[in-house]
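The values are calculated or read from the model by the stated rules, or taken from the named source; none is laboratory data. Keep in mind that what you see is a predicted model, and the values were worked out from it rather than measured. Note that each Cβ is placed from the backbone with ideal geometry, even for glycine, and that neighbours are counted across all protein chains shown. Remember, those area values only see protein heavy atoms, side chains included, never the ligands or the DNA or RNA. Shrake-Rupley method; radii C 1.70, N 1.55, O 1.52, S 1.80 Å.
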Amino acid sequence: MHEDLNWAIGGEAGDGIDSTGKIFARALSRAGRHVYTSKDFASRIRGGYTAYKIRTSVDRVESVVDRLDILIALTERTIDENLDELHEGSVIIYDGEQTTMQDVEIPEGMIGLPVPLKDLGEEAGGAIMRNVVALGAACEVSNFPIENLDEALEKRFGDKGQAIVDNNKEAARLGQEYVREEFDAETDYDLECTDEDYVLLNGDEAIGMGAIAAGCRFYAGYPITPATDVMEYLTGRIEEYGGAVVQAEDELSAINLALGGARAGARAMTATSGPGIDLMTETFGLIATTETPLVIANVMRSGPSTGMPTKQEQGDLEQMLYGGHGEIPRFVLAPTTVAECFHKTVEAFNLAEKYQIPVYLTADLAMAVTEQTYDPDEFDMDAVEVDRGKVVDEAEVDEWLDEKGRFRPHAATEDGISPRAFPGTIDGAHMTTGLEHDELGRRTEEEDVRVDQVDKRQRKVETAQEREEWDYREFGDPDADTLVISWGSNEGAMREAIEFLEADGPDVRFISVPYIFPRPDLTEEVAAAEEVIVVECNATGQFADLVEHDTLTRVRRVNKYTGVRYKADELAEEIRSAVADMEATA
Amino acid sequence: MSSDVRFTDFKSDKQPTWCPGCGDFGTMNGMMKALAETGNNPDETFIVAGIGCSGKIGTYMHSYALHGVHGRALPVGIGVKLANQDLEVMVAGGDGDGYSIGAGHFIHAVRRNVDMTYVVMDNRIYGLTKGQFSPTSREDFETSTSPEGTHQQPVNPKALALSAGATFIAQTFSSDSQRHTELVKQAIEHDGFGFVNVYSPCVTFNDVDTYDYFRDAIVDLDEEDHDPGNFDQAKDKILDSEKEYIGVLYQDDDSVPYGERMGLEGSMADIPDGAPEDATDLVREFY
């Protein structure tokens, strides 16, 4: 019996691949199985190959592997695209009646199951249900109780009426029965169910949920792959809490809308991807110099320019760290898992307000738009704390007036953090500007005031470095000679890679870093290791540069920039060969 | 306290550095008077200023204010207003800020119809950078960057606004203090996006669109039997390139502001010190 099952549905964009994949993922999750999904997709509405892939197990799954066990192929190309992952015994479900699929050759050793998907869909009420027929067939092949699929279909189609739900359930059963009656498809897959209740969500949704939990009430954004899910999640939900989503005319507007919302006292955010960050960068400097708390989510995709909009990359680290003219104080947080997208979003809002500073919250595509199961307790709403920092009310404003009774929004305090008065606070009226300013927020070019203000803004960062925990997450063997460091979504693949390496590879200590700036000092950890490897999805090793800068030690770089996330087994092999190479040259 | 507010309460103790005679003095005084006379007070007013000579206005006035990046004043003002419906929001900028670098935001602000006021100090020149042509400069206007004219049509911002679905369009002249104040007041009181284009002459770099020119050219719509509720009349006046009209060119009395359409009320600043009470429902949605 297989411990995990790797399943996929593929076809042309517009075939309902994503929606169908999500239904099956939901069914598995409802059955108490863990799920980790990934997508192969193109940036277009119709046409072009696309696939939704699911890895499922009763144990946690954190990444993809280089194997595909059951494939629903709506096009011949789907089979070709996955030849590397298919293996002897893989099952391929396809519509043998479809003209374009009649002559499909199933590779040797694999099991082809031609099922009249379209015809059976029509029998159930419409050809559009052919994908659900295929899901029923897949249930039969994998010994997965079809009742779980019913629950997922109800969730997906419930708002379209009971008739639609029933038709879909019927479609699934027709697929199941067809396979049962026509084929002797005895496979050794047995998708065991458990009593566990899991939730299934992606990183963008986790960011959106974290935002509402943290009290974000104002969101402004412009649609961009792969960040749009954040806006779509918030739309229709944030309003329930008295908030609003504004779809702006462009990213220039989005960031300035969010800035306005924050100046009015709302917890505000925007989410975008690299090209959007480019456009927002001028205002980013304004946010920092006016000391406005704002969270900017950057869901990274492959660049530069339009790059590969639907592909994985971690290429924006330097953009977030250094983007903008002049010296701009900022924080950069980079959650490493879907659940951490939730927690780091809450943290980002607190940090932004405590230190009155813009905070980049970056997720990469690999975790932002693919679903993963979690124990619902991972998202403990009772544990959410909202810290608004040094907000002064009408009683406290007096303490911050100058001798002429004017409020000092940029008072150069010892910890660098100034009082913040929301508009409407009596006697708190003040100006702020992107020009260098004095404590009152008024333009100045006086040398000593300039230095005071630069220093106080910098002092906030130093205060944060002292007061907050900028820690890392650690896995593997703490005493291992080999230290692997990564950031962002590589954590999942690397954690599973460690399991692969336990059999015949080097012992590994793995540090996953969720803070880019400020960040943990890894000097001691690096010094204690024989070999240091930094894994990331970009070509130049942007985080490796930071580690070298911090620790004054050369590190080995393992980089992937094909546009596809690391697979656990692939990454294990990369680590194994890197260590072998380093030992040979040592 | 609003009944006690005087227009000088909106004045900061910072002395303007505008050139003597600059139209922006009159524009600003009218804004302050209009704010005070409509019952607003500085602690509940938010001014957003753009970049340019006109952008300095936030410094010379007293209220909550932000002086932002070039061309983006409108989105900031919209963000402020949507996040706190109780604030009076006024955005002020120049013709370069509003109709050139910020032109994209202008038409979207107009069609979004947020309940706020937008005052544009239109002097048909770039003053702060010392005299280049602006988007409202005439085609034959000679400047350091247009020695033989601009070779392009000037923008007609009122026509842009009308075509974008404006609900209030007014034109004023900064030196006609009483009329200017009155029109800004009407813009403030309008339920929606009150757009006021102000002829605010630059005495240093524009020797064509001068006070004398405007005094001669201006026709007050009050003397023209103009019906601001009539779209066709408004269109004809706005497209009339022979005259410089002042007054309310167009007003839609049925305007419903964006915030109201969105169902927004009060301030978004008030949030609990933890997750909202029923936030666990958000998690359950993912079962």
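Of the residues making up segment A:60-81, those that are in a loop (DSSP other than H, G, I, E, B) and either open to solvent by 20 Å² or more (accessible area, probe 1.4 Å) or closer than 30 Å to A:R495 by Cα (or both) are A:R60, A:V61, A:E62, A:S63, A:V65, A:D66, A:R67, A:T75.
Inside segment A:193-231, residues that are aliphatic (A, V, I, L, M) and in a helix (DSSP H, G or I) make up a count of 8. One residue alone among B:D140, B:D86, B:D97 is within 14 Å of chain A (Cβ to nearest Cβ) and surrounded by fewer than 19 Cβ atoms within 10 Å (Cβ to Cβ), and that residue is B:D86.
Every residue, every condition in (1) in contact (Cβ under 8 Å) with a residue 12 or more places away in the chain; (2) assigned to a loop (DSSP other than H, G, I, E, B); (3) within 21 Å of A:T283 (Cα to Cα); (4) under 14 Å from the mean Cα position of the chain (by Cα), yes or no:
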| site | (1), (2), (3), (4) |
| --- | --- |
| B:P16 | yes, yes, no, no |
| B:C19 | yes, yes, no, no |
| B:M32 | yes, no, no, yes |
| B:A36 | yes, no, no, no |
| B:N40 | yes, yes, no, no |
| B:G96 | yes, no, yes, yes |
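Whether any residue in segment B:106-122 is at pLDDT below 95 and in a helix (DSSP H, G or I) is what I want to check. Looking through segment B:106-122, none of the residues is at pLDDT below 95 and in a helix (DSSP H, G or I). The set of residues in segment A:245-269 that are closer than 23 Å to A:K354 by Cβ and more than 10 Å from every other protein chain (Cβ to nearest Cβ) contains only A:M269. Helices (runs of 4 or more DSSP H) fully within segment B:139-239 that include at least 3 residues being over 18 Å from the mean Cα position of the chain (by Cα): B:211-217, B:231-239. Within segment A:401-436, the set of residues being farther than 26 Å from A:Q465 by Cβ, open to solvent by 20 Å² or more (accessible area, probe 1.4 Å), hydrophobic (A, V, I, L, M, F, W, C) and part of a loop (DSSP other than H, G, I, E, B) comprises A:F422, A:I426, A:L435. Among the conditions (1) of a type in the set (D, E, K, R); (2) within 11 Å of chain B (Cβ to nearest Cβ); (3) buried (at least 21 other Cβ atoms within 10 Å of the Cβ), the only one that A:E385 does not satisfy is (3).
Here is a yes/no grid of residues against (1) more than 14 Å from chain B (Cβ to nearest Cβ); (2) more than 18 Å from A:L117 (Cβ to Cβ); (3) of a type in the set (A, V, I, L, M, F, W, C):
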residue	(1), (2), (3)
A:D15	yes, no, no
A:D18	yes, no, no
A:G21	yes, no, no
A:G32	no, yes, no
A:S63	yes, yes, no
A:L68	yes, yes, yes
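Here are A:A480, A:A568: which of them is in contact (Cβ under 8 Å) with a residue 60 or more places away in the chain, open to solvent by less than 20 Å² (accessible area, probe 1.4 Å), touching a strand residue (DSSP E or B) at 6+ places or on another chain (Cβ under 9 Å) and farther than 23 Å from A:Y322 by Cα? Only one candidate qualifies: A:A568. The single condition among (1) more than 30 Å from B:N84 (Cα to Cα); (2) within 13 Å of another protein chain (Cβ to nearest Cβ); (3) among the aromatic types (F, W, Y) that A:Y241 does not satisfy is (1).
Scanning segment A:238-249 for residues that are assigned to a loop (DSSP other than H, G, I, E, B) and in contact with a Leu (Cβ under 7 Å, 6 or more places away or on another chain) gives a single hit, A:A248. Filtering segment A:82-98 to residues that are surrounded by fewer than 18 Cβ atoms within 10 Å (Cβ to Cβ) and under 19 Å from A:E12 (Cα atoms) leaves A:L83, A:G96, A:E97.
Number of residues in segment B:245-287 that are assigned to a loop (DSSP other than H, G, I, E, B), hydrophobic (A, V, I, L, M, F, W, C) and within 13 Å of another protein chain (Cβ to nearest Cβ): the value is 8.
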